[in-house]
1. Which one is surrounded by the fewest Cβ atoms within 10 Å (Cβ to Cβ), of the residues in segment 100-116 that are over 12 Å from Ala41 (Cα atoms) and touching a residue at least 24 places away in the same chain (Cβ under 8 Å)?
2. Applying the selection to segment 10-27, what residues are loosely packed, with under 14 Cβ neighbours inside 10 Å and at pLDDT below 85?
3. I'd like the full set of residues that are of a type in the set (D, E, K, R), closer than 30 Å to Lys100 by Cβ and touching a Leu at 6+ places or on another chain (Cβ under 7 Å), limited to segment 37-80.
4. Just one of (1) under 19 Å from Ser111 (Cα atoms); (2) at pLDDT below 90; (3) touching a helix residue (DSSP H, G or I) at 6+ places or on another chain (Cβ under 7 Å) trips up Thr37, so point out which.
5. Residues that are among the hydroxyl-bearing types (Ser, Thr, Tyr) and closer than 20 Å to Glu3 by Cα, at least 1 per element: which helices (runs of 4 or more DSSP H) completely within segment 13-126 meet that?
6. Could you grab me the full set of residues in segment 28-70 that are hydroxyl-bearing (Ser, Thr, Tyr), open to solvent by less than 60 Å² (accessible area, probe 1.4 Å) and under 14 Å from the mean Cα position of the chain (by Cα)?
7. Among all residue pairs at least 6 apart or on different chains, which show Cβ distances below 6 Å where the first residue, located in segment 79-99, is without any contact (Cβ under 8 Å) to a residue 60 or more places away in the chain and under 28 Å from Lys54 (Cα atoms) and the second is in a helix (DSSP H, G or I) and of a type in the set (Phe, Trp, Tyr)?
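The values are calculated or read from the model by the stated rules, or taken from the named source; none is laboratory data. Predicted model only: the values in this text are computed from it and were never measured. Virtual Cβ from ideal backbone geometry, glycine too; neighbours counted across all protein chains shown. SASA here: full protein model, heavy atoms, side chains in, ligands and nucleic acids out. Shrake-Rupley method; radii C 1.70, N 1.55, O 1.52, S 1.80 Å.
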Amino acid sequence: MWEDFADGLNTEISDAQIPQVKTLVDTADKLFSNNETALGALYAFEAQQPETAKSKLAGLKAFYQLPDKVEPYFVTHSHNEHEAEKLLDLIGTLSSDSQKTVVQACEQMSSALWDALTGIHDAKCE
C-alpha cells in the first residue's frame, strides 16, 4: 500500500533525506527493540492513527486529483480497530516501573513523529 501511495504521487520510497525523518526511523528502531518501549512507541502511533488517516484522506480528496491507488493506505489506517485501547489494557498489567518506561517511550516517539512532520513541512517550504 505504501509503495502504491508513493507511486501515485510519482515519487520513490528512499532512505530518509530529511534529518528529522531519519531521527524518527532511528528512534522507532531503538524503541521497537524492547517489549516495554515498543508498547509506548506503538501506543503513540495508534492513538492518533485513525483520525490522522481520515484527515489526510479528506485533504487529499479535497485538494488533489490523485489516482485511486493513493487512497487504500489511508482508508485501511482510518479504521479504528481500537488498537490504542488494547495497548492501554496491556500496559495496565505492567508494573509501575515498566509503565514509567512505556510512558517515556511514548513521549519519545510522539516527539519524533511531531519533529518528522515539522521537518517535512520545513523542507517543502524551502
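1. Checking each candidate, the answer is Asp115.
2. Scanning segment 10-27 gives Asn10, Thr11, Glu12, Ile13, Ser14, Asp15, Gln17.
3. Residue satisfying the conditions is Glu46 alone.
4. That leaves (2) as the condition not met.
5. Ranges flagged: 49-63, 71-78.
6. If the condition is that a residue be hydroxyl-bearing (Ser, Thr, Tyr), open to solvent by less than 60 Å² (accessible area, probe 1.4 Å) and under 14 Å from the mean Cα position of the chain (by Cα), then Tyr43, Thr52 are the ones that fit.
7. Leu87/Tyr43
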